[in-house]
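One structure is given here, and the rest of the page talks about it.
The values are calculated or read from the model by the stated rules, or taken from the named source; none is laboratory data. Here the structure is a predicted model, which means the values were calculated and not measured. Don't worry about glycine lacking a Cβ; one is built from the backbone with ideal geometry, like all the others, and counts go over all protein chains shown.
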Amino acid sequence: MSIYAIGDIQGCYDELQRLLEKIRFDPSKDKLWFAGDLVNRGPKSLQVLRFIKSLGDRAVTVLGNHDLHLLALSQGNRSLNKYGTLKEILDAPDKLELIEWLRHRPMMVHHPKKGYSMVHAGLAPQWDMATAMACARELETVLRGAKFSKFCQVMYGDKPDLWSDDLNGMERLRFITNCFTRLRYCTRDGRISLNDNGAPEEQRNGVIPWFDIPGRPTKKERILFGHWSTLGYRQTANVCCLDSGCYWGGKLTALRLRKKKPPEPHQVSCPLKG
C-alpha cells in the first residue's frame, strides 16, 4: 500500500485525474491524503467534492480555509459576499449530503507508522504535538456538533493573534481555526500574522514563516501542509509545503510518503486559469 499526500486542488478536477493517472493510484490498495482547499477558484469544485467523497476511507482530507468558507456559505454567512465557484455546490441536488460529509473532515491527521502529520496551513509556534492534536479535536467537535451553524456565523476575524492556554469561547476557536487554515507567518515574539502572504524572500516587515520560529516545539515532527502557493513545493527540515499553485498555472503535487526514505514527489503541470 502506498500513501500519497496531495496539495491544494481548488476545483481543478481534470488536473487531479491526470495526477492520479501518473502515480497509478489504485483505490483497492493505495490511500490519498489531501491538504485541504478542495474547492473554489477552479472550474470543477463540485466534481472534486463528489469524487473525493466517493473514495470513502481511501481518502483523508483536512479542512482548508476555502472549505470552511463553503461551510459558512451553506449556513447563511454572507459576510464576505464571495461565492467564487461555490454556488454550483450550493445549488446541487446533493448539497446537503456533501456539506454533511465535508464538516466531518478532520483539521489535522497523523500517521504514527509513517511518521507524518498533515494540516492545511500551519501550527501555532507555542503548540507541541499533543496540544495541536487536542486543538484539532476541539474544533472538529464544534464543526460536527449542534453549534456548527452558530460557529459559521462568527468564525471570521484576525484576533486574537497570540496563543494562551487561557483562551476560551469563540476567541479560542477562532485562533485555532486561523492557525490550521490561514497561517503562513509569525512575528518573532510568536504572534500569528495573517495579512502577510507572499514568498519569504519578499518580506520586509520582520515576519518569518511559522515553521522557522526559534524553539518551535514541533520542530522535530514531519509536517505536511498546503495553503501557500507563493512558497510553492518546498521541503525544508521536517516540513513540506504541497501547494505548488495548481490553479495559478503551476503544478499539482503528490508526495509519496515513506517511513525511512525521503518522500518522493510526483507532479503534473497545470494551465493558468486565473
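Here are 171, 100: which of them is under 14 Å from residue 67 (Cβ atoms) and charged (D, E, K, R)?
100
Within the bounds of segment 191-211, is there any residue that is over 30 Å from residue 30 (Cβ atoms), buried (at least 20 other Cβ atoms within 10 Å of the Cβ) and of a type in the set (Lys, Arg)? Let's see the steps before the verdict.
First pass over segment 191-211, keeping only residues over 30 Å from residue 30 (Cβ atoms): 191-210.
Adding the requirement that they be buried (at least 20 other Cβ atoms within 10 Å of the Cβ) leaves 192, 209-210.
Still in the list and also of a type in the set (Lys, Arg): none.
For segment 191-211, residues over 30 Å from residue 30 (Cβ atoms), buried (at least 20 other Cβ atoms within 10 Å of the Cβ) and of a type in the set (Lys, Arg): absent.
Listed conditions (1) at pLDDT 95 or above; (2) out of contact with any helix residue (DSSP H, G or I) (no Cβ under 7 Å at 6 or more places or on another chain) are all met by residue 203, apart from (1).
Restricting attention to segment 23-38, does a residue exist that is among the β-branched types (Val, Ile, Thr) and more than 20 Å from residue 248 (Cβ to Cβ)?
Among the residues of segment 23-38, at least one is among the β-branched types (Val, Ile, Thr) and more than 20 Å from residue 248 (Cβ to Cβ), which makes the answer yes.
Tell me which residues, restricted to segment 48-71, are hydroxyl-bearing (Ser, Thr, Tyr) and either surrounded by 17 or more Cβ atoms within 10 Å (Cβ to Cβ) or in contact with a Ser or Thr (Cβ under 9 Å, 6 or more places away or on another chain) (or both). If the condition is that a residue be hydroxyl-bearing (Ser, Thr, Tyr) and either surrounded by 17 or more Cβ atoms within 10 Å (Cβ to Cβ) or in contact with a Ser or Thr (Cβ under 9 Å, 6 or more places away or on another chain) (or both), then 61 is the only one that fits. Cβ-Cβ below 6 Å, separation at least six or inter-chain, first residue in segment 51-72 and within 17 Å of residue 12 (Cα to Cα) and of a type outside the set (S, T, N, Q), second crowded, with 18+ Cβ neighbours inside 10 Å and modelled with pLDDT under 95: which pairs? Once the first residue is within 17 Å of residue 12 (Cα to Cα) and of a type outside the set (S, T, N, Q) and sits in segment 51-72, its partners that are crowded, with 18+ Cβ neighbours inside 10 Å and modelled with pLDDT under 95 give 66/40; 70/86. Mind checking whether some residue in segment 114-128 is in a loop (DSSP other than H, G, I, E, B), of a type in the set (Gly, Ala, Ser), closer than 22 Å to residue 10 by Cα and touching a Lys or Arg at 6+ places or on another chain (Cβ under 8 Å)? Checked against the condition, which is being in a loop (DSSP other than H, G, I, E, B), of a type in the set (Gly, Ala, Ser), closer than 22 Å to residue 10 by Cα and touching a Lys or Arg at 6+ places or on another chain (Cβ under 8 Å), segment 114-128 yields at least one hit. In segment 224-241, of all residues being free of Cβ contacts under 8 Å to residues at least 60 places away in the same chain, in contact with a Cys (Cβ under 8 Å, 6 or more places away or on another chain) and assigned to a loop (DSSP other than H, G, I, E, B), the one that is surrounded by the most Cβ atoms within 10 Å (Cβ to Cβ) corresponds to 231. From the list 196, 165, the one residue that fits, being free of Cβ contacts under 8 Å to residues at least 24 places away in the same chain, assigned to a loop (DSSP other than H, G, I, E, B) and over 20 Å from the mean Cα position of the chain (by Cα), is 165. Each residue in segment 1-13 was checked for being out of contact with any strand residue (DSSP E or B) (no Cβ under 8 Å at 6 or more places or on another chain) and either surrounded by 24 or more Cβ atoms within 10 Å (Cβ to Cβ) or within 21 Å of residue 235 (Cβ to Cβ) (or both), and 3 of them qualify. Scanning segment 14-47 for residues being surrounded by 22 or more Cβ atoms within 10 Å (Cβ to Cβ) and assigned to a helix (DSSP H, G or I) gives a total of 5. Taken together, the residues in segment 130-162 that are under 23 Å from residue 74 (Cα atoms) and not in a helix (DSSP H, G or I) amount to 7.
Residues in segment 100-132 that are more than 17 Å from the chain's Cα centre (by Cα) and either modelled with pLDDT under 95 or within 25 Å of residue 54 (Cβ to Cβ) (or both): 100, 112, 113, 114, 115. Contact map, segment 131-152: residues that are under 16 Å from residue 179 (Cα atoms) and in contact (Cβ under 8 Å) with a residue 40 or more places away in the chain paired with residues that are part of a helix (DSSP H, G or I) and among the aliphatic types (A, V, I, L, M), Cβ distance under 7 Å, separation 6+ or inter-chain. Pairs shown: 135/176; 139/173; 139/176. If you scan segment 82-107, which residues turn out to be surrounded by fewer than 17 Cβ atoms within 10 Å (Cβ to Cβ) and assigned to a loop (DSSP other than H, G, I, E, B)? If the condition is that a residue be surrounded by fewer than 17 Cβ atoms within 10 Å (Cβ to Cβ) and assigned to a loop (DSSP other than H, G, I, E, B), then 82, 83, 91, 92, 93, 94, 104 are the ones that fit.
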